[in-house]
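Participant: Below you'll find the structure I mean.
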Amino acid sequence: MWLTEYGDLNDLDRSSENEWKGFSLAATQRALRALNQGASAALFWDTYDNYHEHYPRLTFYGLVQNSDHIYAPKKRYYAAKQLYHFARPGSQRIAASTEAPNLLVSAFRNAANGIAVVGTKQGGPNRVQIALSHAEPMPVAWELYETTR
């Protein structure tokens, strides 16, 4: 099962707050939930801002801003890129959970037998605990990559 068009539909609110919470964070959480529920792929809607015949108007769903054919990445591009960087094609999802409020996680074993845990966190404690399946061999060391607004 694939999740297609996992962006957000409130494209007319072009505020900085909506760009972060309404698009970047909400879309990444939507993708993580779908992957945790068994989706094997997630495709963002839309690549760049463009005209849609069925609306009909210029829409602003894109990962990339299109201003008269001058393209620039938006925050949602970097959020999607962060997810896609660690959840690589061919990776298999493995069980991961947390009791931390406002934290959504998903874990993957990649082709090189490494484990990546990805997630979104909105506030809450600075220290969190994430549980992985006991059946999975754990890495000797972990590296933390954190992206903020």
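Participant: Got a sec? Which of R93, R33 is outside any loop (DSSP other than H, G, I, E, B), basic (K, R) and closer than 25 Å to S15 by Cβ? Let's see the steps before the verdict.
Facilitator: Details: R93 fails: closer than 25 Å to S15 by Cβ.
None of the others qualify; the one that does is R33.
Participant: With respect to L12, is the statement that it is over 17 Å from the mean Cα position of the chain (by Cα), modelled with pLDDT under 90 and surrounded by fewer than 17 Cβ atoms within 10 Å (Cβ to Cβ) true? Lay out the reasoning, then the answer.
Facilitator: On the way: over 17 Å from the mean Cα position of the chain (by Cα): yes; modelled with pLDDT under 90: yes; surrounded by fewer than 17 Cβ atoms within 10 Å (Cβ to Cβ): yes.
Answer is yes for this residue.
Participant: Residues to consider are R109, R88, R30, R57; find the one that is of a type in the set (K, R) and within 10 Å of the chain's Cα centre (by Cα). Even if it seems obvious, please write down each step before you answer.
Facilitator: Values: R109 fails: within 10 Å of the chain's Cα centre (by Cα); R88 fails: within 10 Å of the chain's Cα centre (by Cα); R57 fails: within 10 Å of the chain's Cα centre (by Cα).
Testing whether each residue is of a type in the set (K, R) and within 10 Å of the chain's Cα centre (by Cα) leaves just R30.
Participant: How many of the residues making up region 114-136 are farther than 22 Å from A31 by Cα and free of Cβ contacts under 8 Å to residues at least 24 places away in the same chain? Can you show your working first?
Facilitator: Keep residues of region 114-136 that are farther than 22 Å from A31 by Cα, which gives 125-127, 134-136.
Add one more test, that the residue is free of Cβ contacts under 8 Å to residues at least 24 places away in the same chain, and what stays is 126-127, 134-135.
The qualifying residues number 4.
Participant: Tell me the residue from R88, R33 that is in contact with a strand residue (DSSP E or B) (Cβ under 9 Å, 6 or more places away or on another chain) and more than 21 Å from E19 (Cα to Cα), please. Give the steps one after another, and end with the answer.
Facilitator: Details: R33 fails: more than 21 Å from E19 (Cα to Cα).
When all the criteria are applied, what remains is R88.
Participant: Determine which member of the set Y61, Y51 is out of contact with any helix residue (DSSP H, G or I) (no Cβ under 8 Å at 6 or more places or on another chain) and touching a residue at least 40 places away in the same chain (Cβ under 8 Å).
Facilitator: Numbers: Y51 fails: touching a residue at least 40 places away in the same chain (Cβ under 8 Å).
Going through Y61, Y51 in turn, the sole match is Y61.
Participant: Residues in region 115-130: is at least one surrounded by 15 or more Cβ atoms within 10 Å (Cβ to Cβ), modelled with pLDDT under 85 and not in a strand (DSSP E or B)? Working first, answer last.
Facilitator: Taking region 115-130 as the starting set, the residues that turn out to be surrounded by 15 or more Cβ atoms within 10 Å (Cβ to Cβ) are 115-121, 128.
This time we only want the ones that are modelled with pLDDT under 85, so: 128.
Subsequent filtering for residues that are not in a strand (DSSP E or B) retains 128.
For region 115-130, residues surrounded by 15 or more Cβ atoms within 10 Å (Cβ to Cβ), modelled with pLDDT under 85 and not in a strand (DSSP E or B): present.
Participant: Answer yes if at least one residue in region 41-49 is in a loop (DSSP other than H, G, I, E, B), of a type in the set (V, I, T) and farther than 20 Å from R93 by Cβ, and no otherwise. It would help to see each step written out before you state the result.
Facilitator: Kept after step one, since they are in a loop (DSSP other than H, G, I, E, B), are these residues of region 41-49: 43-47, 49.
Of the ones still in play, those that are also of a type in the set (V, I, T) are 47.
This time we only want the ones that are farther than 20 Å from R93 by Cβ, so: 47.
Among the residues of region 41-49, at least one is in a loop (DSSP other than H, G, I, E, B), of a type in the set (V, I, T) and farther than 20 Å from R93 by Cβ, which makes the answer yes.
Participant: I'd like the full set of residues that are of a type in the set (S, T, Y) and touching a helix residue (DSSP H, G or I) at 6+ places or on another chain (Cβ under 8 Å), limited to region 64-112. It would help to see each step written out before you state the result.
Facilitator: Taking region 64-112 and keeping what is of a type in the set (S, T, Y), we get 67, 71, 77-78, 84, 91, 97-98, 106.
Matches in region 64-112: Y78, S106.
Participant: Now for a separate question. Which ones in region 96-107 are assigned to a strand (DSSP E or B) and more than 27 Å from D13 (Cβ to Cβ)? It would help to see each step written out before you state the result.
Facilitator: Start the filter on region 96-107 by keeping residues that are assigned to a strand (DSSP E or B), which leaves 96-98, 103-107.
Across region 96-107, the qualifying residues are A96, S97, T98, V105, S106, A107.
Participant: Kindly provide the set of residues from region 1-30 that are acidic (D, E), in contact with a helix residue (DSSP H, G or I) (Cβ under 8 Å, 6 or more places away or on another chain), under 20 Å from G119 (Cα atoms) and not in a helix (DSSP H, G or I), ordered by number.
Facilitator: Here is the first cut: in region 1-30, the residues acidic (D, E) are 5, 8, 11, 13, 17, 19.
If we keep only those that are in contact with a helix residue (DSSP H, G or I) (Cβ under 8 Å, 6 or more places away or on another chain) too, we end up with 8, 13, 19.
Next, from what is left, pick out any that are under 20 Å from G119 (Cα atoms): 8, 19.
D8 - this is the single residue of region 1-30 that is acidic (D, E), in contact with a helix residue (DSSP H, G or I) (Cβ under 8 Å, 6 or more places away or on another chain), under 20 Å from G119 (Cα atoms) and not in a helix (DSSP H, G or I).
Participant: Additional query: Being assigned to a loop (DSSP other than H, G, I, E, B) and surrounded by 14 or more Cβ atoms within 10 Å (Cβ to Cβ) is the filter here; which residues of region 52-90 pass it?
Facilitator: As a first pass, look at region 52-90 and keep what is assigned to a loop (DSSP other than H, G, I, E, B): 53-56, 60-63, 68-69, 74, 87-90.
Selection gives F60, Y61, G62, L63, K74, A87.
Participant: State all residues of region 107-136 that are over 24 Å from R88 (Cβ atoms) and among the charged types (D, E, K, R); if no residue qualifies, say none.
Facilitator: R127
Participant: Kindly provide the set of residues from region 110-144 that are of a type outside the set (A, V, I, L, M, F, W, C) and under 18 Å from Q37 (Cβ atoms), ordered by number. Let's see the steps before the verdict.
Facilitator: Here is the first cut: in region 110-144, the residues of a type outside the set (A, V, I, L, M, F, W, C) are 110, 113-114, 119-127, 129, 133-134, 136-137, 139, 143.
Hits for region 110-144 are G119, T120, S133.
The values are calculated or read from the model by the stated rules, or taken from the named source; none is laboratory data. For clarity, every value in this text was computed on a predicted model and none was experimentally measured. Cβ sites come from the backbone with ideal geometry, for glycine too, and all protein chains shown count toward neighbours.
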